[in-house]
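Have a look at the structure below, then the notes.
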């Protein structure tokens, strides 16, 4: 995700990371250590769960600038990530 952020942020791509961690201080420490404090990081809550149908982790939801969901990827894996990257590349206005 860091690579995608570095590549596409200059074109308006943003990341909002939602965590299910229960230890807030450990979570905040990990965000800092992992170098992902350059984008929005938050702990999950009921509103997020219901609004975006969060049932698995990891979950990637791609939302265009108009607020329309243009893709959802459940689980991890290289193939899943490559598909995610491809849709981003196809939808970013350079």
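Sticking with the crude label model, points 7 Å out along Cα→Cβ, report the distance from residue 20 to residue 92 in nm, one decimal please.
The two pseudo-label positions are separated by 2.9 nm.
Of [x] 48, 29, 23; [y] 37, 28, 23; [z] 38, 28, 27, which is the value of Cα extents along the principal axes in Å derived from the coordinates here?
The value matching this structure is [z].
For helix 24-33, report the angle its Cα long axis makes with the longest principal axis of the Cα atoms of the chain; keep it between 0 and 90° and round to the nearest 10°.
The helix 24-33 is inclined about 50 degrees to the chain.
Rounded, prolate or oblate: which fits the stretch 38-78, taking a ≥ b ≥ c as square roots of the Cα gyration tensor eigenvalues, rounded meaning a/c under 1.5, else prolate when a/b beats b/c? Don't skip to the answer; put the middle values down first.
Working: a/c = 1.23, a/b = 1.01, b/c = 1.22.
It comes out rounded by the Cα gyration axes.
Taking 0.36 nm per intervening residue step and subtracting the Cα-Cα distance, what contour gain separates residue 47 from residue 1 on full extension? Before the final figure, lay out the partial values.
Numbers: separation 46, 0.36 × 46 = 16.56 nm, distance 2.41 nm.
Stretched out fully, the residue 47 to residue 1 stretch lengthens by 14.1 nm.
Restricting to the chain, what percent of DSSP beta bridges are antiparallel, rounded to 5?
On the way: 5 of 9 bridges.
Once the DSSP bridges in the chain are tallied, antiparallel ones form about 55 percent.
Please list 83-89, 47-53 highest first by mean number of surrounding beta-carbon atoms within 10 Å per residue. Please list the in-between numbers first.
Numbers: 83-89: 14.6, 47-53: 11.6.
In descending order of packing, they fall as 83-89, 47-53.
Values in this text are rule-based calculations from the coordinates and carry no lab data. All of these numbers come straight from a predicted model, not from anything done at the bench. For neighbour counting, all protein chains shown are included, and Cβ atoms are generated from backbone atoms with ideal geometry for every residue, glycine included.
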